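Nothing in this text is a laboratory measurement; each read-out follows from the coordinates by a stated rule. Keep in mind it's a predicted model, so treat the numbers as computed, not measured. Counting neighbours? That spans all protein chains shown, and the Cβs are built from the backbone with ideal geometry, glycine included.
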Ligand SMILES: Nc1ncnc2c1ncn2[C@@H]1O[C@H](COP(=O)(O)OP(=O)(O)OP(=O)(O)O)[C@@H](O)[C@H]1O
Ligand SMILES: [Mg+2]
């Protein structure tokens, strides 16, 4: 427990001395007050992490003091000390806002445990308040969380692009937040009161996509029983988001180009040109230049859509945001489920930060949701993480990059040997001595692993 400043209130001088003495020995900073009035005065003058007060006192009793303290500070933890037999009063006190109570006679462990719980809770609460504030005001833009320089650059690009009509190309791996960016572009533009229409171009068959995008007239094809506007028209006055734009078939690409260049379109089965006022944002997971080179994406369309490119870096290129994002998601799921948020132990956070996140932020979000549901809390350790994230090489050992310069007499090769054998032993233990599997875990071939094992004199018996 971190040292806390504690106001102790008791009219009985002996009990007061005993309690302050005990708290002091436990490493806290207690300040004594012999009456309710004195306690209020002291409380006003200083800062206290918690208050412990006796219930039965002449003139102002513990309950009255509690009410007066609450009026000044609704959040400071207050522990009431009651005599055995006055549990009913203690229950009332809890209703009045006491944080906990202990009955006399109590052991020092009892009161320290109560205090510890309350202080942890209070610290958690204030950290959460701070975190929420920080995330909202400083570390995000329109719900996109990040403070890594690469993300700050993205925020700037969104701000600049939002109010132009130019088409924006959002590039990024799966789960990097392309759709979030598209929405931020829309909601920060003058078109924000218009519709935001998203079309997943990968999800629709080639023939369907064209009528979905550009609409059709009655009888345009079998099954077209009535005429229908397409998504482009639905986005009138707003923003059209074309996800996986590289999947748009070449025939539809020509029509899209017309929408972008001339702001007109024709529904399928009609030769009437309609004017449309839409802002287009396209997203892709692949390199569109390569798609142009491969002949699956029109070069003229590529130049049209890439006027303002925004590249979202994969999460492994902005590892410094992982803690922030993890905290944000844990808070979000805690709020949703009306639970206190989980806290990640430093070792677990290191596991998250070391992982390569092929599914990027979406994967991180999913892992945090799973943790919120499966981890008993209040903190989450490495064991609670999914196995692919548990980077502990063994029960002990920590090979994070040292902040200190190496000690005198340091020999890098010896150190490397130590690290190598640590990982090899870990892999062998994990695979019960199976060298092929261990090699795979370590990203080595079986023969290379065998070479290292003989050099380092490691046998494949995991229990050696
Ligand atoms: N920087 C971020 N801050 C907060 N949440 C984020 C961030 N980036 C992504 N997310 C969340 O991750 C999930 C995936 O984001 P999004 O759908 O925008 O990704 P995407 O790039 O469009 O993925 P895909 O290519 O698979 O369609 C969403 O739930 C989104 O809210
Ligand atoms: Mg998407």
Show that you can apply the helix-only estimate: for the chain, add -39,500 (n - 2.57) for every DSSP H stretch of four or more residues, divide by all residues, and state [θ] at 222 nm to the nearest 500.
-14000 deg cm²/dmol
Relative to the longest principal axis of the chain, what angle (0 to 90°, nearest 10) does the C-alpha long axis of helix 250-262 take?
80
Cβ-Cβ FRET estimate between residue 262 and residue 420, R0 fixed at 45 Å, reported to 0.05
0.10
Relative contact order as a percentage, the range 412-455, C-alpha pairs under 8 Å and 6+ apart, gives 27
What is the order of 307, 154, fewest Cβ neighbours within 10 Å to most?
307, 154
Under 8 Å for C-alpha pairs, at least 6 residues apart: give me the relative contact order for the chain, rounded to a whole percent.
10
Looking at the chain, what % of its DSSP beta bridges pair antiparallel, to the nearest 5?
10
Can you give the angle from 0 to 90° between the axis of helix 360-374 and the longest principal axis of the chain, with both taken from C-alpha atoms, to the nearest 10?
40
Tilt relative to the chain, helix 36-45 - C-alpha long axis, 0 to 90 degrees, to 10:
50
Antiparallel DSSP beta bridges within the range 157-315, percent to nearest 5
15
Which of 258, 304, 318 has the fewest other C-beta atoms within 10 Å, and how do the rest follow up to the most?
258, 304, 318
List the relative contact order of the range 5-126 as a percent without decimals, with contacts defined as Cα pairs under 8 Å and 6+ residues apart.
22
